[in-house]
Structures are given as C-alpha cells and as structure tokens.
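Read through the structure below, which is laid out as structure tokens, and then see the notes.
The values are calculated or read from the model by the stated rules, or taken from the named source; none is laboratory data. For clarity, every value in this text was computed on a predicted model and none was experimentally measured. Every residue, glycine among them, receives a Cβ derived from its backbone with ideal geometry; neighbour counts consider all protein chains shown.
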Amino acid sequence: MAGKAFTPRVFSGIKPSGGLTLGNYLGAIRRWVDMQGQGLETIYCVVDLHAITVWQDPAELRAGTREVMAGLIASGIDPERSVLFNQSRVSAHAELAWIFNCVARVGWMNRMTQFKDKAGRNAENASLGLYAYPALMAADILLYHATHVPVGEDQKQHVELTRDIAQKFNHDYGADFFPLPEPVIEGPATRVMNLRDGSRKMSKSGESDMERINMLDDADTIAKKFRKARTDPEPLPDTVEALEGRPEAKNLVAIYAGLADVTPEAVIAEFAGAGWGRFKPALAELAVERLSPISTEMKRLMADPAELDRLMARGAERAEAIARPILAQTCEIVGLLR
C-alpha cells in the first residue's frame, strides 16, 4: 500500500435488532460522537442488512431502525457533521459485498468466531447470510475507503478480515486501490458485560431485561437494575489489579468509569474499601444523570418517524455520493462492464 494517501475517514455501523443498550452507548456510540470534528470524515450506519442474517419481524425491523437512528442523534451524532443513514438505502453495499464474496476465501470465513458463536450447534440450518456477512461488513467499510473503524474488542477479527480482503483484492488486480483500515479500540468500558453475569457481554437478546440497561429505560428502572446487579460479598479493593477474578465488580467499575469519562483507577481511588451499598447508588445516580437526557430526546425523535426517515434518506444521498464512484472504479478494475 506504499505511496497512496487516503482521506482519513471513519466508518462504523450498528444493528437495529432488539433496541439500544448501555453496552452500545459506552462500547461504540459515545466514541463515535467524540470522533466528530477530529479531522476525520465520519460515516455512521444503521446496518439493517446485517440484521436480517437472522429472521426479523418486518414491522419490528422498521421500528428498530428508527429507534437506533433516534438513539444515535440523541447521543450527539449530528446528521450535518456526520454522514448518518441506514445501510439498505445504499445498494452499493450489497453490490460490493458480492465482489468481496468472490475475493474472500472459505477458509477465512471458517475461522470467524462470531459465526460459530451465533450459529452454535445449529450451523447447518443457519442462513448463508450469517456465514458470509463478514464480507458485507468488509464492503461497508471499504465502500467508503474508510481508514479507521471504531469497534469493540469482539469485532476486531472482522476488521482484520477486511484488511485481508483489501490486501488480496489489491494484489490480485495489481491495483493500489483499497486502504487497509485500522481498528480503533479504546476507552475504559469498550466491552460492557451482563449485569447478572459478568462473564457474558451485555446483549440486546439476553433472556432477562434485568441483564441490561436499555437506552429507553426510565430513571426508576435504571436505578432498580443497578441496585439488583449481581456482585460479590467483598468491598471494592484499593487497586484495579485486585478486581481480576471478580467479573461483576470489574464490570460495574468499568461502567462507572465509562459514564464518568475517567479511568478505572480513578474510580478505585474514590471508592476503595467501599461496600456495594455505597457504590451501587452512586453508579445508579450517575447513570440516570447521563442517560435520562438521551432517552428523553430519543422518545421525542421517535414520535416523528417521518422526520427520522427524511434524515436517513438525506444521509443516504450523501453516502451515495462517496460510494458510487468507488464502486464504479472497483467494477472497472475487476472488468465488469457497467
């Protein structure tokens, strides 16, 4: 890739299935907000094509897409400063994904741990889309010649695959065309864990609503969930290292750090020796303070679906303006007559 300079550009996306959680906010959305105005062009997408790799109720998918769009805007993503849209409005994503299906190797896909996790023992009955969606994810990124991809630790493998696909395409066609994007993983709570089991990630699809903080939860619900969050009998230690082996305690400290925008070390310095009777109420108060304005604004935005649709359509027009020339050049390089 020596010699070619690419415009610094960020791309990331979020699925619209199941609603937004605190994990989405601390693990992704807040960092997306921070990246605006840092000299990087920012492109953010509600990846509805990824959602249908498993069956979705159509009405719920439409509602979920609007909810995520509302959550992104309410959290501080400005549709004027960032390109913000839903993926299926830009058909170039699917077109480039097919080309990348023909570049990616089956062996690469077989190594993707998320397919194994999601398909489990039922892999033979999983959709082809669930198996091949990493190629679509690579297309999402490379369609915009994105150079930086903010992701959680569990998504790093997908960015590595994207780099492999870009590298193989460039090599196979002798073209210095696609950048090798860098994963951006940072922050004290990049992976927020389950409130009932600190060894599992906070998920929209968990069995119990008590496992997660939803971005639409009201203040009383947030306080109740943190009050009932699983902990252990020991007070908070005086070092972060002493949290090892205490997954629930470590998770709650990381959540506090993420919400307060401080390091876990700073949280421990403030609460060393404190019992959960002191720490949990402080965490609940902080969470309500940070999240209530977002949930209020989300509800206001969701009350006007036509405006949300207008914003997504406008964002898609801006995305198309970047994507179409890159797809056209890709087809030219491959030898496809357009």
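The condition (being closer than 30 Å to PHE178 by Cβ, over 24 Å from the mean Cα position of the chain (by Cα), at pLDDT 95 or above and of a type outside the set (Phe, Trp, Tyr)) is satisfied by just one residue among ALA282, ALA321, ALA328, ALA316: ALA328. Is at least one residue of the stretch 193-203 assigned to a strand (DSSP E or B), farther than 20 Å from VAL149 by Cβ and either under 15 Å from the mean Cα position of the chain (by Cα) or free of Cβ contacts under 8 Å to residues at least 24 places away in the same chain (or both)? Checking the stretch 193-203: at least one residue is assigned to a strand (DSSP E or B), farther than 20 Å from VAL149 by Cβ and either under 15 Å from the mean Cα position of the chain (by Cα) or free of Cβ contacts under 8 Å to residues at least 24 places away in the same chain (or both). Being within 30 Å of GLY174 (Cα to Cα), among the polar types (S, T, N, Q) and touching a residue at least 24 places away in the same chain (Cβ under 8 Å) holds for only one residue in THR239, THR330, and it is THR330.
If you go through the stretch 248-270 and keep only what is buried (at least 20 other Cβ atoms within 10 Å of the Cβ) and without any contact (Cβ under 8 Å) to a residue 24 or more places away in the chain, you end up with VAL253, VAL267.
Within the stretch 315-338, being farther than 14 Å from ASN86 by Cβ and not hydrophobic (A, V, I, L, M, F, W, C) holds for ARG324, PRO325, GLN329, THR330, GLU332, GLY335, ARG338. The set of residues from the stretch 248-280 being touching an Asp or Glu at 6+ places or on another chain (Cβ under 8 Å) and either assigned to a helix (DSSP H, G or I) or of a type in the set (Asp, Glu) (or both) comprises GLU248, ALA249, LYS250, ILE268. For the stretch 135-144, indicate whether the set of residues that are in a helix (DSSP H, G or I), among the acidic types (Asp, Glu) and surrounded by fewer than 17 Cβ atoms within 10 Å (Cβ to Cβ) is non-empty. No, the conditions are met nowhere in the stretch 135-144.
When GLU95, GLU67, GLU80 are screened for being under 30 Å from LEU216 (Cβ atoms), part of a helix (DSSP H, G or I) and among the charged types (D, E, K, R), only GLU67 passes.
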